[in-house]
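Structure record follows, encoded as structure tokens.
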Amino acid sequence: MKALEKLNLKQQQVLIVKSKKSNINSGATGWLFASPWIIGLVLFYLLPLVVSIYYSFTSYSILRPGEFIGLQNYKELLVDPLFLKSIYNTVYFAVFYVPLSIICGVALAMMLNMKIKGMTIYRTIFFLPTLVPHVAIAVLWMWLLNPGFGLVNGFLDMIGIKGPAWLGSETWSKPSLIFMSLWGIGQSVVIYLAGLGDISSEYYEAAEVDGANWFQKTFHITLPLLTPVIFFNLVMGIIGAFQQFTLPYTLTQGQGKPANSLTFYVMYLYDNGFKYFRMGYASAMAWVLFVVIMVLTLLIFWSSKRWVHYQGK
Amino acid sequence: MFHNFGKLRKLSLVFCIMTAVILSACSNKETSGNADNAKKDGVTTLTFWHENTGVGEEAINDVVDAFNKKHKDIRVKAVYTAANESQNEKLLAAVAGGNPPDISWFDRFKIGSWASEGSLTDLTKYADRDGVTKDNYYPFAWDEATYKDKLYGIPVDTDARLLFYNKDAFKDAGLDPENPPKTISELEKAAEKLTIKDGNRFKRIGFIPWYNQGWLYSWGWGFGGDFYNKDKNIVTLNDPKIVESLKWIADYAKKYNVEDITGFTDSKGSGEMDPFITGQLAMHIGGNWSISGYLKYKPDLNYGVTPIPTPTGTDFTSWSGGMAVVVPKGAKHPDEAWEFVKFFGSEEGQELYNGKYKTLSVIDSVNEKLGYKKDPLFSQFINILPESHNRPVIPEGELLWNELSNAVDNAIHGNGKPGDLLKAANDKVNKSLK
Amino acid sequence: MNPTHVKKIKISFAHICLLIASAFFLIPFIWMVSTSLKPIEQVFTFPPEWIPKPFRWDNYSKAIEYIPFWTYLSNTAIITILSTLGVVLTCPLVAYSFAKLKWRGRNVLFALTLAVMMIPGQVTMIPLFLLFNKLGWVGTPYPLIIPQFFGVPFYIFLLRQFFLGLPDSLREAAKMDGASELRVYWQIMLPLAKPAVMAVGLFQLMASWTDFLGPLLYLTNQESYTLSLALQQFQNKQGSEWSLMMAVSTLLTLPIIILFFFLQKTFIKGITFSGIKG
């Protein structure tokens, strides 16, 4: 900790000599730098978004414009049992998957950041599953998790545990999916690795001088300075978990089996929009989801002042 | 104030140029649109979207080539798009954008919903004009392409569901391989004999009613129920006979402990992962397309097919779906498109397509011509076709399908009584139908 | 025990951990490669066999002939290269502006940038399609390339986080020397953020390379299809060509693996500020 303070002090000294002029200037420059995105944001993102808000108040079906029906879609959602079930499934998934993916991701990244031989190969290996097509991942897991003959239960048998039916069981289908999804954390590991690479070695050198052990270095330097990236992965992880779609959809051929235990929010939204011709209803679902994710994100942003440390500040 | 204004201006210039270049490069219209059918030298070019690959694509190309040879003034161009959901998305977007293909390959199952949305061209007047009538086709196939007495597509192939049984497993269990079960109780007895349990593991399962094509449609009609009342335009999912069939399925699930066997059922339903190939499953409800899959993955599989057992052992039935060719609303050349649609559904087109792809034709005489009636496996399918049902042609066909599937799934997992589950599904679908 | 011993034990322990985890992460890839070399009857044997018997190397040549592989490959490559270029050009600049420059409306715009990611793409897909349809871009690869030149929210957010982590002192010092904001960005901040920019480039490269929905909706001419669309052509109702499909998948992943293998040092290796500060 002492080492950190020392360094911060050094930086602050530089920061004191601040020119106010540059701040005024950057007003115009800021807009200019951001201008491509302002155009892109409005054109390719906000425009379709605004249209979908409008749709959520109509009986739009993609093929027909439909009529304005006010809040009826939203009212109907409240009493739709499958909608409620899909919320439960999605929240269940997010609650377990997001923290797990962060813990595993950070741990993996720290392992992959060690200076030992063959690290390039290890890193490549952890990245590989993200490159395998989803259909293949789905088929493969159905094999691995086959209750009778799968590798997983075979292994459990060896150590004397009778494995569950995994994807065939209502209780175990969601944990199976969480387990499967962890295969794809390669992308966030890359982000963590880049974040670890950004931590100045000065901190560690200073800590070593102070005689800090591995534990202290991890919890007082590495993790605090990795928080901007953890913060990013937390926000994106929540957005991603709430929009979970491709894997369970491929896995269950859109049915969410068994007993709707794998019917996730966006899967049900998709069926409404593209199969039942109720894009208005689907848009209403999307906006409910938006509000939920938005609230969670605001909470994270609000709390971030307490736990996210930017080296730059 | 802006001591770096020069740099700023340069930067903004770069952006303006970049944007201008990109936008101008993109505004050339020459490649836009799907149905960009220039009429050149009096020849109309039609785009035909389909989802077949491999031999199926070759079969479509044969039909297209034969058609193009016959018509000097029309040229059909077949384009593979994608299968299932993806094809649906692509077509939806194209129709919504007012730029659909002239002709599209289309699951007949969806005709009800698309027609009720007004997104398919009504072909009735063309069919009346050219004398294309229901008499040429199996009744269910024509009915499935018709919504509210109007024709929206021409059926081009079909399928049916039967009980597949492994003859070697029958011999092994002391059953007569030439005398498969006919009644539900015979089926249960056979399944019991065929099942071998090794500890908590199944080495072989006799039968799983809901596996593969064992949808509730496969059982409900066999039990004597009916899913739809056309006069009242309501679905009748809680028909006592259908409830009875679901009860039987639920009891079966309970008897064999569903979680122990779901490992089989939740794997991919289509051909490849089929435990029937590996001998782990002795009987299942399958479709005729499975035959080519078995031929590919295990050519020496010794099996037979027989009608799906019924409670009485009589009045066998099945249900059939299949594809149609349709003209989406907004297509630019419906007259020419009809010529192709008509040709695909004619005996000539049917023989070319189904002969090549080894699928069942919607015309009985074509099936005879292709020799299907002499084939020990195919003939069983052909024989059931005149008795076969089609799924209700309603705007909510997809919802009905999912609700039925959910009801079965919940029933076998013991989440509710069959009667209540079907009642709930019934109410939901009927509410949407209104 | 002397310190070198301790270090050795530590390193072998790390290797063991990594090897076990690697095995878990290698399974899907090995399965893909092994399937790509299997004869069709062996693909779905039960319990699964991992080693093809015999090795069918000709699956690869068959797969390449099954689809117009080279045409699709070049289509895919063009789309991928251009869209990656777009992302790498625009996103760091925008992110820098969000992270380091102060301007009116910045926070609102950043909030909007996050907000647009919270609506599932399934509901904006059709309105977006209609927009591109109006622009006359349907049937061209433009919808898959042009938007990238205008920024992608995910990358902007990611890069913003990295820029925030860079010390302000560097920027201030350079500005005091009279450097313009663009020069500060281009010569000091961008090189410092290089690892993150490389990572973003890699993500976009992978996204474009494997994108299915975009090409599906916007490419209407079979000659302009991409490889990910072609992958679907191996699936059909009467039994999919699994070995051919996995052969193409393997070929598809190879360039990315090679790229990742050689580039990772650049985007993972850390940079020390001390040297620059000097």
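Values in this text are rule-based calculations from the coordinates and carry no lab data. None of these values were measured; they are calculated from a predicted model. As a convention, Cβ positions derive from the backbone with ideal geometry for all residues, glycine included, and neighbour counts pool all protein chains shown.
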Legend entry - Separation in nanometres of the label points that stand 7 Å from Cα toward Cβ, at residue A:302 and residue A:92: 2.9 nm
Legend entry - Separation of alpha-carbon centers, the range C:156-208 and the range A:256-313, rounded to whole Å: 30 Å
Legend entry - Protection-proxy order for peptides B:357-366, A:215-224, C:77-86, each taking the mean of Cβ atoms within 10 Å per residue, highest first: B:357-366, C:77-86, A:215-224
Inset, instruction - Please report C:117, C:245, A:111 as a ranked list, fewest other C-beta atoms within 10 angstrom at the top and most at the bottom. - result: A:111, C:117, C:245
Inset, instruction - Rounded to the nearest 10 degrees, what's the angle between the helix B:397-412 long axis and the longest principal axis of chain B, both from Cα atoms, 0 to 90? - result: 40 degrees
Legend entry - chain B - percent relative contact order, Cα under 8 Å, separation 6 or more: 25 percent
Legend entry - Dmax and Rg, reported as Rg then Dmax, of chain B (C-alpha, Å): 25.8, 98
Inset, instruction - Mind listing the long-range amide H neighbours of residue B:228? Cut-off is under 5 Å, sequence gap 5 or more, other chains count too, H placed in the peptide plane at 1.01 Å from N. - result: B:236
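Cα convex hull of the protein assembly as shown: how many Å³ per residue? Display every interim value, and only then the final one.
Details: hull volume 178.3 nm³, N = 1025.
Convex hull of Cα atoms, per residue: 174 Å³.
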Legend entry - Taking C:246, C:125 and counting other C-beta atoms within 10 Å, the order from fewest to most: C:125, C:246
Inset, instruction - Would you please give the residues with an amide H less than 5 Å from that of residue B:44, counting only those at least 5 places away or on a separate chain, with H modeled from the backbone geometry? - result: B:74, B:75
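What is the packing order of peptides A:272-279, B:379-386, taking the mean over residues of other C-beta atoms within 10 Å and listing the highest first?
Values: A:272-279: 24.4, B:379-386: 18.5.
Packing proxy ranking, top to bottom: A:272-279, B:379-386.
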Legend entry - Other protein chain Cβ atoms within 10 Å, averaged over every residue that makes up C:104-115: 4
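Note down the magnitude of the dipole of chain A about its Cα centre, charges +1 on Lys and Arg C-beta and -1 on Asp and Glu C-beta and zero elsewhere, to the nearest 20 debye.
580 debye
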Inset, instruction - Could you work out the per residue convex hull volume over the alpha carbons of the range A:156-308, in cubic angstrom? - result: 161 Å³
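If you average the sequence gap of Cα pairs under 8 Å that are 6 or more apart and divide by the length of the range A:243-313, what percent do you get for the contact order? Each step should come with its number before you reach the end.
On the way: 37 pairs, mean separation 12.5, N = 71.
This gives 18 percent for the range A:243-313.
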Inset, instruction - State, to one decimal in nm², a quarter of the convex hull surface area for the C-alpha atoms of the range C:81-241, i.e. the direction-averaged projected area. - result: 12.1 nm²
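Using only alpha carbon positions, build the gyration tensor of the range C:58-121, then give the equivalent ellipsoid semi-axes as the square roots of 5 times its eigenvalues, largest first, whole angstrom.
Calculated on Cα positions only, the semi-axes equal 41, 15, 8 Å.
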Legend entry - Positive-end residue, the range C:81-241 charge dipole about Cα centroid, Cβ charges, pick of C:201, C:184, C:116: C:184
Legend entry - For residue B:417, distant residues with modelled amide H under 5 Å away: none
Legend entry - Exposure rule at most 13 other beta-carbon atoms within 10 Å, DSSP loop chymotrypsin sites (Phe, Trp or Tyr not before Pro): chain C longest free segment: C:58-278
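Using only the Cα atoms, work out Rg/Rh for the range B:76-231, with Rh taken as the Kirkwood radius, to two decimals.
My calculation of the ratio gives 1.11.
Going by average Cβ neighbours within 10 Å, how do the peptides B:188-197, B:95-104 rank, with the highest at the top? Before the final figure, lay out each step's value.
Numbers: B:188-197: 17.5, B:95-104: 23.5.
Averaged packing, sorted descending, gives the order B:95-104, B:188-197.
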Inset, instruction - Quote the charge dipole size of chain C about the Cα centre in Debye, to the nearest 20; the model charges only the Cβ of Lys and Arg (+1) and of Asp and Glu (-1). - result: 1080 debye
Legend entry - Simple spin-label estimate for residue A:103 and residue B:377 in nanometres, 7 Å along Cα-Cβ: 5.1 nm
Legend entry - Low-density loop cleavage sites - GluC sites (Glu not before Pro) in the range C:1-90, where at most 15 other Cβ are within 10 Å (DSSP): C:49
Legend entry - Per-residue average of Cβ from other chains inside 10 Å of A:252-264: 5
Legend entry - Helix axis angle, B:240-256 relative to chain B longest principal axis, alpha carbon, degrees: 70 degrees
Inset, instruction - Indicate the gyration tensor shape class of chain A (rounded, prolate or oblate), computed on the Cα atoms with a ≥ b ≥ c the square roots of the eigenvalues: a/c under 1.5 is rounded; otherwise a/b larger than b/c is prolate and the rest oblate. - result: oblate
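Tell me the relative contact order for chain A as a rounded percent, counting alpha carbon contacts under 8 Å between residues six or more apart. Before the final figure, lay out each step's value.
Numbers: 295 pairs, mean separation 88.5, N = 313.
Averaging sequence separation for qualifying contacts and normalising by length gives 28 percent for chain A.
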Inset, instruction - Taking every pair of alpha-carbon atoms in the range C:165-269, give the share separated by more than 17 Å as a whole percent. - result: 68 percent
Legend entry - For C:119, A:238, B:154, order by how many other beta-carbon atoms lie within 10 Å, fewest first: A:238, C:119, B:154
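When the convex hull of the Cα atoms of the range B:221-344 is projected onto a plane and the area is averaged over all directions, what value comes out in nm²?
On the way: hull surface 50.8 nm².
Mean projected area for the range B:221-344: 12.7 nm², to one decimal.
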Inset, instruction - With θ set to phi - 60°, apply the Karplus curve 6.51 cos²θ - 1.76 cosθ + 1.60 along the range B:86-100 and write out the HN-Hα couplings as whole Hz, x wherever there is a Gly or Pro. - result: 5, 5, 4, 4, 5, 5, 4, 4, 5, 5, 4, x, x, 9, x
Legend entry - Label-point separation, residue C:14 to residue B:203 (7 Å along Cα→Cβ), nm: 5.1 nm
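Mind checking C:18-27 for the average number of partner chain beta-carbons within 10 Å of each residue's beta-carbon?
Working: counts 12, 3, 0, 8, 7, 1, 5, 13, 4, 8.
Mean partner shielding for this stretch: 6.
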Legend entry - Cα-based Rg / Dmax (Å) for chain C: 23.6, 74
Inset, instruction - Can you tell me the FRET efficiency between residue C:104 and residue A:54 if r is taken as the Cβ-Cβ distance and R0 is 30 Å, rounded to the nearest 0.05? - result: 0.55
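Around residue B:324, under 11 Å between beta carbons, what's the net of Lys plus Arg minus Asp minus Glu among the other residues? Can you show the working numbers first?
Numbers: positive: B:108, B:110; negative: B:107, B:144, B:157.
Around residue B:324, the charge tally is -1.
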